[in-house]
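Report on one structure; see the data block that follows.
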Amino acid sequence: MQRITACTMDCGDACSLLVDTDAQTVRGNPAHPFTKGFCCRKGARYFDRINAQERITAPLIREGGSFRETGWDEALTLVADRLDAARDVPESILHVRGHGYRGLLGQASSIFFRALGSSTTYGSVCDDTGITASIRDFGVLHHNDPEDILNASRIINWGRDMTRCSVHQLALVKRARKNGTEVLTISPGGDGTPEFSDRNILIRPGTDRFLAAAVLKLYLESGELNPWVITRTANWPALRGLVDGLDLSELCAACEVTPKDVETVFDWYADTGNAATVIGWGLQRHEFGGQSVRFIDAVAMLSGNVGVSGGGAYFNVSSGRNLGTWGPLVSGFDEHGTRRELLVHDLGREVRRADPPVDFVWVDGHNIVNQVPDCLGVAEALRKPFLVCVDGFMNDTALVADVILPPAFMFEREDVLGSFVHNFVNHCAPVSEPRGQCRSDFDILTDLGLRLADPVRLPDAETCLRQGLKGTAISLDELREHGFAKADHPPIAFRNLEFGHPDGLYRFPEALTPEPGRDPDYPLQLLTLVSGRYIHSQIPESVQGNYPTVWISKANPAFAALNPAMDAYLVTPAGAMRVQVDTDDTLHPRAVVIRRGGWMKFGYTANVLIEPRTTDMGHGCAYYSQECRLENR
């Protein structure tokens, strides 16, 4: 029998799904207006993950250099004792939470450890740089309804790989093309965009801000400025003065495009009809990624393509904007209380220098050792405190844990969640029983809280779900019956050019930072791009054999220099790893691409070679600013 549930993985498409537990099949819900009856292959084969032979299905406790299975009573008693011992110094407790699963009940660990006053992390390994940039421009995180892109005359895609990370947005773009909409993609390549683009412009990785500034310069020179648009901005003279002082040829050189390419982008924005702008998540993972987002937003704004149907700048909406929190129902929870924060993408160094020291760590929803830079340093730092890892596989983080608690997976637990792309709230119904002794994270924390000397009491799950929907027009009963509901948001963001800042006006960027100089010993740029087969590090152990593959263009200087008969190594100032080299001639000659998520224990993660860097805003991780080279050894 098919049942309606939903995907809770870290993906903005947030699909509503039809699951047949007898046939072990997953497909998109045809009744859902965004999912439209199909889902990506990551969701379609989710039963492979549920049924994986290597899945951990009972609590594990470290004894010496190995783990032994135990029951929940022994495991949680041990964890409670260690947590009680650390509570006298709340800062000595560190909570690390990722987005490996999402939802209202998925808030449980964040609420639990906030109530304890523990340390937490700040910064972002995902999209906070672009989010911060968008809020600085528009005053709030919002964009047109995804379906409105069908009304665009032209779509300018600044580097979003829809083939691997946003298949439903790709379906909308393909529908638009059938209706006559043209698509221009600007990217460093390696993202499958030629498949759905009428024109591609190859750009040096991380330099989109210079191309956008060059387009703004052509706007100033053309005089094609809408006075109404200008009046709806707070700092037009600052942007005009900045752009007037820029040299077009220098801007082109900085991003390695031709003046003709700049004219092409200008024409696509300036032509009759409306142009929609789609901003990729990858371009904000560079050191000045925030500036790139802001200058692209500025082009969309100045060209008159904001606040109109068929236009808009699509980056993100907040997946939580249609949901509340049940945290205030928990004693000790203070949403605005101050806590010690450690920078997530420099966690190894942060833990080593923490004062007071970190004595207890709880990690859930995050293969943190694998997913941040300086993996070896993070693993070493986390071996000292008592570490509890909530995970179903013996990944790089679980390997350094003292206790591993096996969670119920998607389809095995109930939750309610939103999307950071569309405006629907989905119900994730439990459609199968958890394997073995696996329990939902919510149940684990409920049990743990009651075992503490000074208990932390969580409300029951039903109360939490209803509280999280309180104040919305969506009811839990409606969600359980239909599987989803649409939240009420205007289909056109910022209509009448009314923005989220207190004065209602748009903000332009006021600075353009030059690209840092390159180390001649590391002339290439490492891009750890999203995989189409797996989400982040949720990769089966069985496919991580041999050596990871990197892709380069035949125009890359390393291609001619490498001897295919010898071993190839990817090298950065942080170290070297053996790789296989393949070619992709859609790539920029400076780019070296490796697909993200491989595990360190198999020699598959490039994060061991990536140095911690922080982006220009939002405390993001500048993964893609890592310089590298390829060589034989």
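The values are calculated or read from the model by the stated rules, or taken from the named source; none is laboratory data. Owing to the predicted nature of the structure, the values given are computational and were not obtained by experimental measurement. Methodologically, a virtual Cβ is constructed for each residue, glycine included, from the backbone with ideal geometry; neighbour enumeration extends over all protein chains shown. The area values use the complete protein model at the heavy-atom level, side chains included, leaving out ligands, DNA and RNA. Shrake-Rupley method; radii C 1.70, N 1.55, O 1.52, S 1.80 Å.
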Answer yes or no as to whether Val262 is farther than 22 Å from His143 by Cβ, in contact (Cβ under 8 Å) with a residue 24 or more places away in the chain and open to solvent by less than 10 Å² (accessible area, probe 1.4 Å). yes
Selection from segment 239-259 of residues more than 32 Å from the chain's Cα centre (by Cα) and in contact (Cβ under 8 Å) with a residue 60 or more places away in the chain yields Leu246
Those residues of segment 355-386 that are more than 23 Å from the chain's Cα centre (by Cα) and open to solvent by 20 Å² or more (accessible area, probe 1.4 Å) come to a total of 7
Picking from Ser553, Ser542, the residue that is touching a His at 6+ places or on another chain (Cβ under 9 Å) and among the small types (Gly, Ala, Ser) would be Ser553
Counting only strands (runs of 3 or more DSSP E) entirely within segment 1-95, those with at least 3 residues that are in contact with a His (Cβ under 9 Å, 6 or more places away or on another chain) are 2-6
A careful count of residues in segment 139-187 that are within 19 Å of the chain's Cα centre (by Cα) and either on the phi < 0 side of the Ramachandran plot or open to solvent by less than 10 Å² (accessible area, probe 1.4 Å) (or both) gives 19
Checked segment 110-137 for anything buried (at least 21 other Cβ atoms within 10 Å of the Cβ), out of contact with any Pro (no Cβ under 6 Å at 6 or more places or on another chain) and among the polar types (S, T, N, Q); matches are Ser119, Thr121, Ser124, Thr129, Thr132, Ser134
By residue number, the members of segment 21-39 that are closer than 18 Å to Val173 by Cα and surrounded by fewer than 23 Cβ atoms within 10 Å (Cβ to Cβ) are Pro33, Lys36, Gly37, Phe38
Q. Scanning for something among the acidic types (Asp, Glu), open to solvent by 10 Å² or more (accessible area, probe 1.4 Å), in contact with a Lys or Arg (Cβ under 8 Å, 6 or more places away or on another chain) and closer than 22 Å to Arg164 by Cα, does segment 530-546 turn up at least one residue?
A. no
Review point. Is it true that some residue in segment 610-619 is assigned to a strand (DSSP E or B), open to solvent by 40 Å² or more (accessible area, probe 1.4 Å) and under 29 Å from Asp128 (Cβ atoms)?
Key: yes
Within segment 435-467, of all residues that are in contact with a Gly (Cβ under 8 Å, 6 or more places away or on another chain) and more than 17 Å from Gly327 (Cα to Cα), the one least open to solvent (accessible area, probe 1.4 Å) is Cys438
Scanning segment 4-13 for residues that are open to solvent by 10 Å² or more (accessible area, probe 1.4 Å) and in contact with a strand residue (DSSP E or B) (Cβ under 7 Å, 6 or more places away or on another chain), the one farthest from Ile535 (Cα to Cα) turns out to be Ile4
Given the conditions (1) open to solvent by less than 30 Å² (accessible area, probe 1.4 Å); (2) closer than 28 Å to His366 by Cβ, every one holds for Leu18 apart from (2)
For segment 525-542, pairs from a residue that is within 25 Å of Glu611 (Cβ to Cβ) to a residue that is assigned to a strand (DSSP E or B) and charged (D, E, K, R), with Cβ under 7 Å and 6 or more apart or across chains, are Gln525/Glu627; Leu529/Arg595; Ser531/Arg595
Restricted to segment 334-354 and to residues being open to solvent by 40 Å² or more (accessible area, probe 1.4 Å) and part of a loop (DSSP other than H, G, I, E, B), the residue nearest to Ala574 (Cα to Cα) is Arg353
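Residue-wise test of (1) touching a strand residue (DSSP E or B) at 6+ places or on another chain (Cβ under 9 Å); (2) over 29 Å from Leu399 (Cβ atoms).
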site	(1), (2)
Cys15	yes, yes
Asn29	yes, yes
Arg49	no, no
Ile61	yes, no
Gly64	no, no
Glu69	yes, no
Asp73	no, no
Leu83	yes, no
Result of the Cβ filter at 7 Å on segment 46-72, keeping first residues that are acidic (Asp, Glu) and partners that are assigned to a strand (DSSP E or B) and open to solvent by less than 30 Å² (accessible area, probe 1.4 Å), at least 6 apart or interchain, is Glu69/Leu60
The lone condition Val421 fails out of (1) open to solvent by less than 10 Å² (accessible area, probe 1.4 Å); (2) part of a loop (DSSP other than H, G, I, E, B); (3) under 26 Å from Pro540 (Cβ atoms) is (3)
